[in-house]
1. Pairs of Cα atoms under 8 Å, at least six residues apart: use those to get the relative contact order of the range 16-130, whole percent.
2. Which residue fluctuates most in the GNM of the chain (Cα springs below 10 Å): 153, 233, 92?
3. Quickly work out the residue 67-to-residue 38 label distance, labels modelled 7 Å from Cα along the C-beta direction, and quote it in nm with one decimal.
4. At residue 79 and residue 141, where each label point lies 7 Å from the Cα along Cα→Cβ, what is the point-to-point distance in nanometres?
5. Note the angle between two axes, namely the Cα long axis of helix 80-94 and the longest principal axis of the Cα atoms of the chain, as a number of degrees from 0 to 90, rounded to the nearest 10.
6. Could you give the length gained by full extension between residue 170 and residue 283, i.e. 0.36 nm per residue of separation minus their alpha carbon distance, to one decimal place?
7. May I ask for the Rg/Rh ratio of the range 16-130, computed from Cα atoms with Rh as the Kirkwood radius, given to two decimals?
8. Cα atoms only: what Rg and Dmax, in Å, come out for the chain?
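Each value in this text was obtained by applying a stated rule to the coordinates, not by laboratory testing. Only a predicted model underlies this, so the values are computations on that prediction, with no experimental measurement involved. Every residue, glycine among them, receives a Cβ derived from its backbone with ideal geometry; neighbour counts consider all protein chains shown.
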């Protein structure tokens, strides 16, 4: 499928969607109610950030998106180079310097009466919105209170957690668990009682200077990967292994990682203050994460024209 002409910078000021092979305002961002992406959550997606006029780790996000497409037996009618052009296009057309940029593919609408997913025509969409952190900096500094829900994450044997998906009912219900208790956000556990992840973020703890994070049952987030790589760069000890609930409650520091905020320090676990907030290890990783945005190897500059 051929690409449309590169949109003018700010053509759809404030946000842009790529839909049906063309750039359009966000008001045109619609999906059929008969698309299996809606009726069966048969969809995969990825989200990358643009910060100060440049994508952060765009190649890594595209790697994961194409891997997810393959695992889901989905396909988009665009090459990797064309996908990059589309993503740049929605940011440029939205006139956004800091943006939340999504790429997604749904199963599509099968022929009437058909139940064979192979008969559906897959649909591709992309869009760019103004960047918003899952917890703004003032809330981070004031202190996020994390609830550890008893709800179990969907088992990896049922839904591959390394494929970014919208199977969030367990996560959404855990958010209600948190709000009912006056907490700010939540994470869930696996069948063995180990902490896995939260709605849109991975969980890390620090104990005696060692960073710990789950080794299975979680989305392998790009921000998670960045934090792991930064531990190696900064010579911070790291252990990737199951993380029991008791270890989280007994941690010196806890932080979350997400494209929607990078490194997010946690102040309390279920209302109980952590010994260190924001802790020294979290602070080092936070500073290094944002400094990384200025390194050419991680930046993909958006062309906004004259």
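1. Working: 200 pairs, mean separation 40.5, N = 115.
In percent, rounded to a whole number, it is 35.
2. Its mean-square fluctuation being the largest, the pick is 233.
3. With each label placed 7 Å out from Cα toward Cβ, I get 3.2 nm.
4. Reported label-point gap for residue 79 and residue 141 is 4.8 nm.
5. Once rounded, one gets 90 degrees.
6. Details: separation 113, 0.36 × 113 = 40.68 nm, distance 3.06 nm.
Contour length minus the Cα-Cα distance gives 37.6 nm.
7. Values: Rg = 14.2 Å, Rh = 14.5 Å.
Here Rg/Rh amounts to 0.98.
8. Spelled out, the Cα radius of gyration and Dmax of the chain are 19.9, 60 Å.
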